[in-house]
Structures are given as C-alpha cells and as structure tokens.
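Read the structure below first, then the notes.
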Amino acid sequence: QVQLMESGGGLVQAGGSLRLSCAASGSIFSIDGWGWYRQSPGKQRELVASTTRGGSTNYADSVKGRSTISRDDAKNMVYLEMSSLEPEDTAVYYCNAFIRTSQRGNRNTYWGQGTQVTVSS
C-alpha cells in the first residue's frame with residue numbers, strides 16, 4: 001500500500017510565497033516521476049509542475065519563472081516552491097507520483113488527498 005501526503009498549504013497574501021511538500025510512504029521500490037496539480041472550484045485539475053527520475057522538469061506557463069519543483073529521493077519526497085503568489089493561484093494542490101512497488105512490478109499512479117492554498121488580495 002502506497003500513500004502520498006501533502007503539507008504546507010494555507011492562507012497567503014498576494015505577493016507572498018509558500019513551499020508545499022509531499023511525502024510518499026509504503027511499499028516503494030522506485031518513484032519514476034512526480035507531479036503537482038491544482039484544482040479550483042468549477043475548473044478542471046491542471047498540471048502545475050512535474051519532474052522525472054532523470055531530473056527534467058516541466059512547468060505550466062502560468063507558474064513558470066516563479067515556481068520550482070524539487071525532489072528528495074532519499075526521503076521519497078517532492079516539493080513545490082512558489083513565489084509572487086496571485087489570487088489566481090488559489091486552489092487545492094495535489095501531488096501525484098509514478099511508483100513501482102517491486103523491481104518487476106508495474107508502474108502505477110498515486111495521488112495525495114490535496115492541500116488547500118488560498119491567496120488573498
């Protein structure tokens with residue numbers, strides 16, 4: 001059983017910054033990739049940033065230049081740092097991970113429960 005747990009959300013003033021964390025636990029052989037997504041009321045869930053095992057990263061245009069995704073493989077964790085926050089960044093932020101639970105096992109996608117980020121103007 002694999003679980004992802006996000007933390008670090010909360011209320012932030014516009015122009016501020018925050019750091020989200022996500023920890024994976026359970027029977028993990030390898031984590032091939034991580035992603036941060038967000039969903040606002042009435043909108044579809046959208047990719048914010050992603051990173052692969054090889055270290056490549058990808059960002060949504062809306063957060064590019066003010067966000068950094070990073071991973072700590074030793075701790076099975078991923079982070080998302082965001083600065084110059086805007087009210088439009090208000091959303092529930094979810095992390096996901098592509099995880100193998102054994103050497104020859106399939107890679108499955110897991111999601112966290114989400115953490116609320118609210119940016120006040």
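If R0 is 22 Å, what FRET efficiency do you get for residue 104 and residue 3 from their C-beta distance, rounded to 0.05?
Values: r = 22 Å, r/R0 = 1.01.
Between residue 104 and residue 3 the formula returns 0.50.
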List, in order, the whole-Hz ³J(HN,Hα) value for each residue of the range 9-15 obtained from phi through the Karplus relation with A = 6.51, B = -1.76, C = 1.60 and θ = phi - 60°; use x for Gly and Pro.
x, x, 9, 9, 7, 4, x
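Could you rank the peptides 28-40, 54-66 by their average count of other C-beta atoms within 10 Å per residue, with the highest value first?
Order by mean packing, descending: 28-40, 54-66.
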Using 7 Å Cα-to-Cβ label points, what is the residue 25/residue 56 separation (nm, one decimal)?
3.3 nm
Which one, 113, 14, 25, projects farthest toward the positive side of the charge dipole computed for the chain from Cβ point charges (K/R +1, D/E -1)?
25
What is the gain in length, in nm to one decimal, between residue 64 and residue 113 on full extension, counting 0.36 nm per residue of separation less the C-alpha to C-alpha distance?
15.2 nm
Could you size up the charge dipole of the chain around its Cα centre, putting +1 on the beta carbon of Lys and Arg and -1 on that of Asp and Glu, and report it in debye to the nearest 20?
400 debye
Phi-based couplings in Hz for the range 28-43 (Karplus 6.51, -1.76, 1.60; Gly and Pro marked x):
10, 8, 7, 10, 7, x, 10, x, 10, 10, 9, 9, 9, x, x, 10
Could you work out what % of the accessible surface of the chain is carbon and sulfur, using a 1.4 angstrom probe and leaving DNA, RNA and ligands out of the count?
42 percent
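Enter the accessible area per residue of the chain (Å², integer; probe 1.4 Å; all protein chains in place).
On the way: 6640 Å² over 121 residues.
Accessible area per residue: 55 Å².
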As a test, work out the antiparallel percent of DSSP beta bridges whose residues both lie in the chain, rounded to the nearest 5.
90 percent
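What shape does the chain have by the C-alpha gyration tensor, where a ≥ b ≥ c are the square roots of the eigenvalues, rounded means a/c under 1.5, and otherwise prolate means a/b greater than b/c and oblate the rest?
On the way: a/c = 2.13, a/b = 1.89, b/c = 1.13.
Cα axes put the chain in the prolate bin.
The values are calculated or read from the model by the stated rules, or taken from the named source; none is laboratory data. The structure presented is a predicted model; accordingly, all values stated were derived computationally and were not measured. Please note: Cβ atoms are built from the backbone with ideal geometry, for glycine as well, and neighbour counts cover all protein chains shown. In case anyone asks, the SASA skips ligands and DNA or RNA and just uses the protein heavy atoms, side chains included. Shrake-Rupley method; radii C 1.70, N 1.55, O 1.52, S 1.80 Å.
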